[in-house]
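This report refers to the structure that appears directly beneath it.
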2 protein chains.
Amino acid sequence: MDRVATIRDVAARAGVSIATVSRVLNGSGNATPETMEKVRAAASDLSFRPSTIGRNLKAARTRTVGVLVPSLTNPVFAESVAGIQEAADEAGYSVLIASTDYDPARESRAIEGLLSNRVEGLVLTVADADRSGSLDTLDEVRLPYVLAYNQPERAPRAHVSVDNVAASRAVVERMVALGHRRIGMIAGRFRQSDRSRRRHAGWLAALDDAGLPPGPVVEVDFNELRLSHLLAPHLEGAERPTAFFASNDMLALATIRALRDLGLSVPDDVSVCGFDGIEVGRLMTPSLATLVQPARAMGATAFECLRTGFSDDLQGRAVMLPFTLRPGESLGPAPSKSS
Amino acid sequence: MDRVATIRDVAARAGVSIATVSRVLNGSGNATPETMEKVRAAASDLSFRPSTIGRNLKAARTRTVGVLVPSLTNPVFAESVAGIQEAADEAGYSVLIASTDYDPARESRAIEGLLSNRVEGLVLTVADADRSGSLDTLDEVRLPYVLAYNQPERAPRAHVSVDNVAASRAVVERMVALGHRRIGMIAGRFRQSDRSRRRHAGWLAALDDAGLPPGPVVEVDFNELRLSHLLAPHLEGAERPTAFFASNDMLALATIRALRDLGLSVPDDVSVCGFDGIEVGRLMTPSLATLVQPARAMGATAFECLRTGFSDDLQGRAVMLPFTLRPGESLGPAPSKSS
DNA sequence: AAGCCGGATGGAAACGTTTCCATTCTTCAC
DNA sequence: GTGAAGAATGGAAACGTTTCCATCCGGCTT
């Protein structure tokens, strides 16, 4: 692999100084038409591409933002990353993406990497926004960041999300309206997810409002896709739940699968509603009822907050995005025998 | 935001030269235990993080690879990117991810960006590996790259994929074994996808071998999720296909959805088999039968090829990964009335 | 005791840009 | 015709590293 052309090569070929080359190619400062022509020709002949590295070093700014998500394979994060990329692309920013796969060691390594790359800010989704070493690190070095999806309870940290409590209430209220009286919840580990906690709180509050006792709560690990053995104990007897609220869509899908494996029909025996609004949910049978968060907009908005907030103070700012309840075949009326 | 500490700050605080700081922190060269201690302390006090930019500029190598995929929201690409990241992380490489959303303009911009960032090589998936301006550009500048998923027909370009023709044959053979005689295909636009073409070729070859006439072929755009109106014309009359082979899983899901919307049962009336092996396929009802490509391994392998091949010549090297047919409820025996 | 070796350290150059400042040259007003 | 203004251009510094080379010093061999 041969050496890549530098600005000096272009200057030599065009018979001008590197200063002139830089000015012409960046459109800053003036230059004779002939000079411009010569420089452009030389640059194109050598297929010169200015080195971002050299440029950044000099400029002391990188026009790059970092993104950290738990996993790219969860469609909801993939979608939000796509939103960030789109917005960043438009604003002339580059994006550095890192994923942690729920591994704390990888998380700190990723943050270190992004820091070393001198990103100007970060958009990230962490497990628990109230107790996160990574966020502490960022606070320490005073690097602006905006959380996406996270909704910190105590720490005043900038974030973009939906109102998880209100959203969960909406789900439960819908279930109640459909005649469900025993409503369970399948949730990601509370210790590992502020979102899961909030959604649980909303579920609890809505049940309370409706004068209903809380149904069983099943906490599961992320990446856990085999749920039958966890659900089975809660499905025996006449008092079994007629509906489950899952704290995210992947869990909802796994739940439907498990129910079906246990010989129950969705939604005839048991209804299920998820949270996230991933696109594949529309394609399955039964189609997935879910609380839709605007994932793409979430990413894009977080990026915009970061960008426009670079100068201002980001501390504790919060943006709430609207949510909608997408009906789906997985959520139907409660079985009549149970009403 | 205050200025970030540089190696000079550390040197000053430790009372040594920047050369010594560099040596201590990188473990190259010798140093007195006390010196090492002083330097480490100073670095940690200032929470010094060496600038990748400065480092790369000097080193003239970035230990960074670029990744280009059509879309991060297609699980099969997300998964392969995850595989790349994992392998890269392990090898001490950084990853720069770009996605094109099937937009040629964004594709060239992305490539330019990666080139400017002086990536040492690329792993990419393009629409058509035989006619791709981006690949031509890469050849021109002699930057090593490895294609993932693509299987070029003419151009001798390094790639990692499965044998798409053989894989498609396996699918069709299975369908034939299940009694299907009229087998249609739902395929991504041939002009836009070498994979789609190959898979179509395999489908055709297998039908020919079985002495069956090819069923209808429906070419659809990427991102097209509403297929009912495209499928409807081919589902009338007694001669309608009893099985469809979809050239990728997202299409397969959309196909199942459409069939169902048209009042047909899957798999009782019509069977469907996809291609890719995305995880959600296991979770749906009916579970998706699909030809599984090892997506994670695809990414990881492509990265390894790139890394180990940096010195050698990558030209036209090909690695074929094994595929498996994952049975699923969407693919059943042909309806008896048609046998 | 003289010379050497080698370990510890510092000075300085280099990487590829951008940009400040200085220089040259043209043009125009007086 | 002289001076000034301003446009075009070049020289050189700076950004944060790594690394080559030189220097210094203590201790060993002979």
Check: How many residues are in contact (Cβ under 8 Å) with a residue 24 or more places away in the chain and either at positive phi or surrounded by 22 or more Cβ atoms within 10 Å (Cβ to Cβ) (or both) when one looks only at region A:139-151?
Finding: 8
Next item on the list: Kindly list the number of the only condition in (1) crowded, with 17+ Cβ neighbours inside 10 Å; (2) closer than 30 Å to B:Asp103 by Cβ that fails for B:Arg63.
Entry: (1)
Notebook entry, point to check: Residues of region A:37-48 being more than 7 Å from DNA strand C (Cβ to nearest atom) and under 45 Å from the mean Cα position of the chain (by Cα), which ones?
Noted result: A:Val39, A:Arg40, A:Ala41, A:Ala42, A:Ala43, A:Ser44, A:Asp45, A:Leu46, A:Ser47
Item checked: Which numbered condition B:Leu57 misses (of (1) open to solvent by less than 60 Å² (accessible area, probe 1.4 Å); (2) within 8 Å of DNA strand C (Cβ to nearest atom)) -> (1)
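Which of the residues belonging to region A:1-17 are part of a loop (DSSP other than H, G, I, E, B), of a type in the set (Val, Ile, Thr) and within 14 Å of chain B (Cβ to nearest Cβ)? Let's see the steps before the verdict.
Residues of region A:1-17 part of a loop (DSSP other than H, G, I, E, B): A:1-6, A:15-17.
After this cut, where a residue has to be of a type in the set (Val, Ile, Thr) as well, the list is A:4, A:6, A:16.
A:Val4, A:Thr6 - these are the residues of region A:1-17 that are part of a loop (DSSP other than H, G, I, E, B), of a type in the set (Val, Ile, Thr) and within 14 Å of chain B (Cβ to nearest Cβ).
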Margin query: Test of understanding: among A:Glu236, A:Glu329, which residue is surrounded by fewer than 18 Cβ atoms within 10 Å (Cβ to Cβ) and closer than 16 Å to B:Leu283 by Cα?
Written below: A:Glu329
Item checked: Enumeration of residues in region B:151-174 that are assigned to a helix (DSSP H, G or I) and among the acidic types (Asp, Glu) -> B:Glu173
Check: Which members of region A:20-37 meet the condition of being more than 8 Å from DNA strand D (Cβ to nearest atom), free of Cβ contacts under 8 Å to residues at least 12 places away in the same chain and surrounded by 10 or more Cβ atoms within 10 Å (Cβ to Cβ)?
Finding: A:Asn26, A:Glu37
Notebook entry, point to check: Does B:Arg8 meet the test of being free of Cβ contacts under 8 Å to residues at least 60 places away in the same chain, within 8 Å of DNA strand D (Cβ to nearest atom) and open to solvent by 80 Å² or more (accessible area, probe 1.4 Å)?
Noted result: yes
Check: Of (1) of a type in the set (A, V, I, L, M); (2) assigned by TED's automatic domain parsing to the domain that holds A:Leu147; (3) open to solvent by 20 Å² or more (accessible area, probe 1.4 Å), A:Leu306 satisfies all except one. Which?
Finding: (3)
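Out of all the residues in region B:180-206, which are of a type in the set (Gly, Ala, Ser), more than 13 Å from B:Met250 (Cβ to Cβ) and either open to solvent by less than 40 Å² (accessible area, probe 1.4 Å) or assigned to a loop (DSSP other than H, G, I, E, B) (or both)?
B:Gly184, B:Gly202, B:Ala205, B:Ala206 - these are the residues of region B:180-206 that are of a type in the set (Gly, Ala, Ser), more than 13 Å from B:Met250 (Cβ to Cβ) and either open to solvent by less than 40 Å² (accessible area, probe 1.4 Å) or assigned to a loop (DSSP other than H, G, I, E, B) (or both).
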Check: B:Glu86 fails exactly one of the following numbered conditions: (1) over 26 Å from B:Ser134 (Cα atoms); (2) touching a residue at least 40 places away in the same chain (Cβ under 8 Å); (3) away from DNA strand C (no atom under 16 Å from the Cβ). What is the number of that condition?
Finding: (1)
Next item on the list: Answer yes or no as to whether A:Val67 is farther than 30 Å from A:Asn248 by Cβ and either within 13 Å of DNA strand C (Cβ to nearest atom) or modelled with pLDDT of 95 or more (or both).
Entry: no
Margin query: If I filter region B:255-297 down to residues being open to solvent by less than 20 Å² (accessible area, probe 1.4 Å) and touching a Phe, Trp or Tyr at 6+ places or on another chain (Cβ under 7 Å), which single residue comes out as nearest to the other protein chains (Cβ to nearest Cβ)?
Written below: B:Thr255
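The values are calculated or read from the model by the stated rules, or taken from the named source; none is laboratory data. Remember, predicted model here, so these are calculated numbers, not experimental data. Cβ sites come from the backbone with ideal geometry, for glycine too, and all protein chains shown count toward neighbours. These area figures cover heavy atoms from the full protein model, side chains too; ligands, DNA and RNA do not enter into them. Shrake-Rupley method; radii C 1.70, N 1.55, O 1.52, S 1.80 Å.
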